[in-house]
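Novice: Below you'll find the structure I mean.
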Amino acid sequence: MTLETILLAVGPKDSGRVEQLAEAAIEVAAPAGATVVLAHVFTEEEYDELLGELHIDRDSEEATPDEVADRHATIRELVGAMNAMEIDHEIRGVVGDRAERITELASTLGADRVIIGGRQRRPSGKAVFGSTAQEVLLTAPCPVTFVRVET
């Protein structure tokens, strides 16, 4: 199986695991010469809040999810890691339900692999609160690498 496109999807809780996520993506992308798509998935509320924090007028050309993702600290750190290892990469921003949007983006991109992060949870916690990672693992159109960080 040839790897051409790897989707590394992050959200607001991933700022503490950037290094581990970058390592996982580089480990797969480097030998294959694959492009890593760094995608930040925002809820509607998070996106609106970030537009305000970044002083971006919602009606301006800068008010795109891709532009907001490009300015986000987590993505900037990942870009640094990709540049340091000379890994081709793109930046995407998407707004909506995290699992749904990750799965849609993977399909749209024709991703060969999705990489997502998470923390260890008890089975009862997943049943009560749901799990973005679990939903992506079950619905993604390609293999998914789950990067677990102990909390």
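The values are calculated or read from the model by the stated rules, or taken from the named source; none is laboratory data. None of the values given here were measured: they were computed from a predicted structure. Please note: Cβ atoms are built from the backbone with ideal geometry, for glycine as well, and neighbour counts cover all protein chains shown. The accessibility values were calculated without ligands, DNA or RNA, using every heavy atom of the protein model including side chains. Shrake-Rupley method; radii C 1.70, N 1.55, O 1.52, S 1.80 Å.
Novice: Got a sec? Which of VAL147, VAL94 is touching a helix residue (DSSP H, G or I) at 6+ places or on another chain (Cβ under 7 Å), surrounded by 13 or more Cβ atoms within 10 Å (Cβ to Cβ) and modelled with pLDDT of 95 or more?
Specialist: Working: VAL147 fails: modelled with pLDDT of 95 or more.
Of the residues listed, the single one that is touching a helix residue (DSSP H, G or I) at 6+ places or on another chain (Cβ under 7 Å), surrounded by 13 or more Cβ atoms within 10 Å (Cβ to Cβ) and modelled with pLDDT of 95 or more is VAL94.
Novice: Within region 43-52, identify whether any single residue is touching a residue at least 24 places away in the same chain (Cβ under 8 Å) and within 16 Å of ALA133 (Cα to Cα), and answer yes or no.
Specialist: Of all residues in region 43-52, those touching a residue at least 24 places away in the same chain (Cβ under 8 Å) come to 43-44, 46-47.
This time we only want the ones that are within 16 Å of ALA133 (Cα to Cα), so: 43.
Looking for residues that are touching a residue at least 24 places away in the same chain (Cβ under 8 Å) and within 16 Å of ALA133 (Cα to Cα), one finds at least one in region 43-52, hence yes.
Novice: Another one. What single numbered condition from (1) open to solvent by 70 Å² or more (accessible area, probe 1.4 Å); (2) among the polar types (S, T, N, Q); (3) in a loop (DSSP other than H, G, I, E, B); (4) more than 17 Å from ALA106 (Cβ to Cβ) fails to hold for THR2?
Specialist: (4)
Per-residue answers, yes or no, for (1) open to solvent by less than 60 Å² (accessible area, probe 1.4 Å); (2) more than 16 Å from LEU105 (Cβ to Cβ):
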| residue | (1), (2) |
| --- | --- |
| SER15 | no, yes |
| ALA24 | yes, yes |
| PHE42 | yes, no |
| THR74 | yes, yes |
| GLU77 | no, yes |
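Novice: Name every residue in region 53-63 that is in a loop (DSSP other than H, G, I, E, B) and exposed (fewer than 13 other Cβ atoms within 10 Å of the Cβ), in order of residue number. So that I can check it myself, show each step before the final result.
Specialist: Residues of region 53-63 in a loop (DSSP other than H, G, I, E, B): 54-63.
The answer is HIS55, ASP57, ARG58, ASP59, SER60, GLU61.
Novice: Counting just the residues of region 97-118 that are touching an Asp or Glu at 6+ places or on another chain (Cβ under 8 Å) and open to solvent by less than 20 Å² (accessible area, probe 1.4 Å), which one comes out farthest from GLU19 (Cα to Cα)?
Specialist: If we take residues in region 97-118 being touching an Asp or Glu at 6+ places or on another chain (Cβ under 8 Å) and open to solvent by less than 20 Å² (accessible area, probe 1.4 Å), then ALA99 is farthest from GLU19 (Cα to Cα).
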